[in-house]
Amino acid sequence: MKTMRLEKREIKDPQTLQDIIGTCRVLRLGMTDDEGMFIVPVSFGYDLEQDGKDLKLTLYIHGAKAGRKADAISGNPEIAIEMDCMDGIITGDYTCSYSCAYRSIMGTGMIQRLTGDDEKRYALTRIMEHMAPDAHIAFSPEMLDRTDVCRIDVRHFTGKARRM
């Protein structure tokens, strides 16, 4: 793995990484198919666990069983992830000294479809708890059957921030 160019912006603190992931509402997936590379924004849920000295990040998404994203998942399980929180505009003394204050997560992993009702229910619950924590959660068998639910096992990820 390459080191981050501006090491002072890298975030390694587990609680700060948890805060970023918990605050972000959109996960962007970088995927490839026979037409090339593309990015798709999705809602997500997650599990973040301490695994020895490392953090283990598992992401959950859902969607339709047909379409470009679904085809790409079938064709190539390698995936890139990105999520960010924009915290404001940093003003400068001249045009090119302006920037954004942000916090972000970037990484790579493998995506796979979940097939069992229990694992689909768990993943969809994690998505709902992240996206709408106060919502009533219930899944009918028809919902589980018609929804494509996937787990992303993140192999590597980094956190980065630029403060105001």
Next item on the list: With a/c under 1.5 counting as rounded, go ahead and sort the range 51-90 into rounded, prolate or oblate using the C-alpha gyration tensor (a ≥ b ≥ c being the square roots of the eigenvalues; past the cut-off, prolate if a/b is larger than b/c, else oblate).
Entry: oblate
Notebook entry, point to check: Where does the range 1-90 land on Rg/Rh, using Cα atoms and the Kirkwood Rh?
Noted result: 1.00
Check: Over the chain, what percent of the accessible surface lies on carbon and sulfur atoms, probe 1.4 Å?
Finding: 50 percent
Next item on the list: Provide, in order from the shortest bin, the percent of all Cα-Cα pairs of the range 12-55 in each 10 Å bin, continuing until the bin that contains the maximum pair distance.
Entry: 23, 38, 29, 11
Checklist line | Loop-located trypsin sites (Lys or Arg not before Pro) in the range 26-108 whose Cβ has at most 13 other Cβ within 10 Å (DSSP) | finding: K53, K65
Next item on the list: Send over a whole-number figure in Å² for the accessible area per residue of the range 101-164, probe 1.4 Å.
Entry: 56 Å²
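Which number do you get for Rg(Cα) / (2.2 N^0.38 Å) in the chain?
1.13
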Next item on the list: Could you pull out the GluC sites (Glu not before Pro) across the range 11-91 that fall in loop regions by DSSP (anything but H, G, I, E, B) with no more than 16 other Cβ atoms inside 10 Å?
Entry: E35
Check: If you stretched the chain out fully between M143 and D87, how much longer would it get, using 0.36 nm times the residue separation minus the C-alpha to C-alpha distance?
Finding: 16.5 nm
Notebook entry, point to check: To the nearest 20 debye, what charge dipole does the chain have about its Cα centre, counting +1 at the Cβ of each Lys and Arg and -1 at the Cβ of each Asp and Glu?
Noted result: 500 debye
Next item on the list: Based on a Kirkwood Rh over C-alpha pairs, give the Stokes-Einstein translational diffusion coefficient of the range 46-135 at 25 °C and viscosity 0.890 mPa s in µm²/s.
Entry: 151 µm²/s
Check: So what's the angle, to the nearest 10 degrees on a 0 to 90 scale, between helix 117-131 and the longest Cα principal axis of the chain?
Finding: 30 degrees
Margin query: Quick check on packing: order 85-98, 151-164 by the mean number of other C-beta atoms within 10 Å, highest mean leading.
Written below: 151-164, 85-98
Check: Tell me, what are the semi-axes, in whole angstrom and largest first, of the equivalent ellipsoid of the range 110-158 as set by the roots of 5 times the Cα gyration tensor eigenvalues?
Finding: 21, 16, 7
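The values are calculated or read from the model by the stated rules, or taken from the named source; none is laboratory data. Because the structure is a prediction, the values reported are computed rather than measured. Every residue, glycine as well, gets a Cβ built from its backbone with ideal geometry; the counts of neighbours run over all protein chains shown. Ligands, DNA and RNA are excluded from the accessible area calculation, which covers all protein heavy atoms including side chains. Shrake-Rupley method; radii C 1.70, N 1.55, O 1.52, S 1.80 Å.
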